[in-house]
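First the structure, in the form of structure tokens, and then the observations on it.
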Amino acid sequence: MNFSKRKSNFSILSVFAVGLAVVALTIAALPGLTNSIARASGAGLDVEVPFEIAALKTPGLVAPYFLQDNHGTMVVSDQAGGVYSVTLGGKVTPLADKTKIKNPAGVAIGPAGFGSYQGSIFVLAAVGDIKGPCEVERIDKSGAVSTFAKLPDPAATECRDLEFGAAGSPFAGKLYAVASGNASIYAIDSSGKASAFGTYNKPVVFELTTISFPPASDAKAAGMMLVGMRAQGSFAAKVGRISMIGADGKMKDEVYLVGFIRPSGFAWSPSSFGSYSDELMIADTGKFASENSNERDGTVYRVEKEIARGFATGLMDPTDMKFIGSKAVICDPAEKGKGQGAIVIISSLL
């Protein structure tokens with residue numbers, strides 16, 4: 001059953017009556033539903049029925065920033081320092097605490113064929129302070145941390161995402177690091193050699209947020225890299241976009257999607273994600289909480305027929321989103337206020 005909000009030929013009263021009936025039937029079929037869906041009275045997390053949204057309790061995790069799926073368990077970087085393993089039940093285990101990795105950002109897990117590093121955890125981190133140059137650290141199974149790669153440009157600061165190229169795509173076999181300080185992406189091979197892949201400062205300098213790789217079934221962007229970006233210094237509300245990058249590192253003239261504030265995480269939902277299976281979901285940070293009096297303008301969109309439609313609201317500063325099993329998992333480092341975040345999970349109830 002599809003509960004999306006769509007126009008119909010019924011009168012307003014009829015639509016309202018039908019809506020109440022549907023909700024009543026859903027509640028009858030799903031005991032405890034009223035307690036499991038976070039509904040906002042003013043500010044707060046909210047999502048379409050029949051999905052639920054909730055902040056996961058994760059003692060020891062302060063401000064979750066980026067994440068990856070590690071066989072059903074999350075690997076999460078913390079803006080307060082450190083990288084952690086987190087279960088969907090909220091159990092937190094340090095992989096490298098803040099004394100070992102002070103300023104982590106994107107995380108990635110070595111795939112088969114990437115040298116001898118299958119299963120190794122890689123972390124893009126700033127050296128020194130948060131504005132320092134970015135380098136890639138590797139956490140081995142014993143918890144030891146070593147530098148795997150240094151980005152060749154000292155202007156590569158403001159560390160963001162770290163992703164392995166999708167298997168079977170032109171990007172396979174490389175690790176890609178995003179540095180927003182110089183609007184650049186770097187490609188890293190299994191020997192640890194990093195080289196510039198592309199710089200995106202024309203026609204304006206772009207703030208980069210995240211990268212992803214579409215499935216082969218995506219007719220518009222198959223074989224491409226997708227990059228979330230926003231013109232630096234722009235005060236216009238909806239200039240954020242998702243751009244397409246070819247294997248040569250060049251940005252295509254055609255934009256994949258536009259009309260966001262700051263698209264920060266996107267992933268395709270699995271077939272088990274209820275009525276919105278196999279759709280592109282996009283987390284939009286909105287304006288940073290520190291810039292807009294903690295307004296909850298973080299939003300999750302779903303894409304239907306190349307149109308982004310609102311799906312979940314009330315987040316503060318979502319910075320990354322992945323699917324783990326049948327759940328959408330979102331890092332929001334400011335969910336509970338400045339410097340205090342949460343992992344937010346959206347689940348289907350069907």
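So the values come out like this:
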read-out: Residues within the range 320-342 that are in contact (Cβ under 8 Å) with a residue 60 or more places away in the chain, open to solvent by 40 Å² or more (accessible area, probe 1.4 Å) and under 21 Å from Ser271 (Cα atoms), tallied; value: 2
read-out: Counted residues, the range 300-350 - those being within 14 Å of the chain's Cα centre (by Cα) and assigned to a loop (DSSP other than H, G, I, E, B); value: 5
read-out: The range 85-126, residues that are assigned to a strand (DSSP E or B) and among the polar types (S, T, N, Q); value: Ser85, Thr93
read-out: Residue check for Lys287: farther than 20 Å from Leu56 by Cα, open to solvent by 30 Å² or more (accessible area, probe 1.4 Å), of a type outside the set (S, T, N, Q) and assigned to a loop (DSSP other than H, G, I, E, B); value: yes
read-out: Phe206 being within 22 Å of Pro133 (Cα to Cα), touching a strand residue (DSSP E or B) at 6+ places or on another chain (Cβ under 7 Å), of a type in the set (Phe, Trp, Tyr) and open to solvent by less than 20 Å² (accessible area, probe 1.4 Å); value: yes
read-out: Long-range neighbours under 9 Å by Cβ, at least six apart or interchain, first residue on the phi > 0 side of the Ramachandran plot and touching a residue at least 24 places away in the same chain (Cβ under 8 Å) within the range 180-200, second β-branched (Val, Ile, Thr) and open to solvent by 10 Å² or more (accessible area, probe 1.4 Å); value: Ala183/Thr199; Ala183/Val205; Gly192/Thr147
read-out: Residue in the range 87-107 that is under 20 Å from the mean Cα position of the chain (by Cα) and under 18 Å from Leu226 (Cα atoms) present; value: yes
read-out: Residue within the range 290-303 that is touching a Ser or Thr at 6+ places or on another chain (Cβ under 8 Å), farther than 14 Å from Tyr65 by Cα and open to solvent by 10 Å² or more (accessible area, probe 1.4 Å) present; value: yes
read-out: Meets criteria (touching a residue at least 24 places away in the same chain (Cβ under 8 Å) and not aliphatic (A, V, I, L, M)) for Asp284; value: yes
read-out: Which numbered condition Arg262 misses (of (1) in contact (Cβ under 8 Å) with a residue 40 or more places away in the chain; (2) open to solvent by 10 Å² or more (accessible area, probe 1.4 Å); (3) of a type in the set (D, E, K, R); (4) more than 22 Å from Ser234 (Cβ to Cβ)); value: (4)
read-out: Pairs with Cβ under 9 Å, 6+ apart, first in the range 74-93 and over 14 Å from Cys331 (Cα atoms), second open to solvent by 10 Å² or more (accessible area, probe 1.4 Å) and hydrophobic (A, V, I, L, M, F, W, C); value: Gly81/Val62; Gly82/Leu61; Gly82/Val62; Gly82/Leu95; Gly89/Leu56; Val92/Leu61
read-out: Among (1) at pLDDT below 95; (2) on the phi > 0 side of the Ramachandran plot, the one test that Asp129 misses; value: (2)
read-out: Scope the range 43-84; condition assigned to a strand (DSSP E or B), of a type in the set (Val, Ile, Thr) and within 21 Å of Val145 (Cβ to Cβ); matching residues; value: Thr73, Val75, Val76, Val83
read-out: Residues located in the range 65-109, provided they are hydroxyl-bearing (Ser, Thr, Tyr) and open to solvent by less than 10 Å² (accessible area, probe 1.4 Å); value: Ser77
read-out: Looking only at the range 141-200, and only at residues there that are assigned to a strand (DSSP E or B) and among the hydroxyl-bearing types (Ser, Thr, Tyr), the one that is surrounded by the fewest Cβ atoms within 10 Å (Cβ to Cβ); value: Ser146
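The values are calculated or read from the model by the stated rules, or taken from the named source; none is laboratory data. These numbers come from a predicted model, not from an experiment. Cβ atoms come from the backbone with ideal geometry, glycine included; neighbour counts cover every protein chain shown. Accessible surface is based on the protein model in full, side chains and every heavy atom, while ligands, DNA and RNA are left aside. Shrake-Rupley method; radii C 1.70, N 1.55, O 1.52, S 1.80 Å.
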